[in-house]
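Written out below as structure tokens is the structure these notes cover.
Please treat every number below as a calculation from the coordinates, not as lab data. These figures come from a predicted structure and were not determined experimentally. Positions of Cβ are backbone-derived with ideal geometry, glycine not excepted, and every protein chain shown enters the neighbour counts.
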Amino acid sequence: MNRLIIYVALVIAASICSTAKAPAAGAQSCETTAAPECPYGYYDSTPYTCAPYGYYGPEWFPSGIFVGAGPWFTGPDKFHGSVDNHLDPQHGYKGPNPNRGEKPDESKHPDKNPKFKGNEVRDGRGHTVEDKR
């Protein structure tokens, strides 16, 4: 009798295991990955490549730390910050960009860039907005 109970229990366990379906592996979204490690921030649209020094204005770097852009934006809800879209590939920029993981130049402080010349205002999600500052 004990062997019959053990046998039935094993058959039930085996049938449960064979019919259980593993969760489907979906494509990983950018919301679940880490933000790109870029010395002066990254562009606010895919493929989120590193932006050059001078693309973002100082307001994007409170306390010297980039507030993020796109899905990693961590700034205030009504944030508006200046960018220099001359340095944006979507506007024809073909100059050099830092690589991911590259360290910032010690002489360049994006939070205190006196030569910054922004020509467009954006929110943290990549939308151009009217400057109401």
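Structure notes:
- Length available on full extension from His109 to Ile65: 0.36 nm per residue minus the Cα-Cα distance, which gives 14.8 nm.
- Per-residue packing, averaged as other Cβ atoms within 10 Å, sorts the ranges 91-104, 35-48, 62-75, 108-121 into the order 35-48, 62-75, 108-121, 91-104, beginning with the highest.
- Shape analysis of region 32-133 yields a ratio of the Cα radius of gyration to the Kirkwood radius, Rg/Rh, of 0.92.
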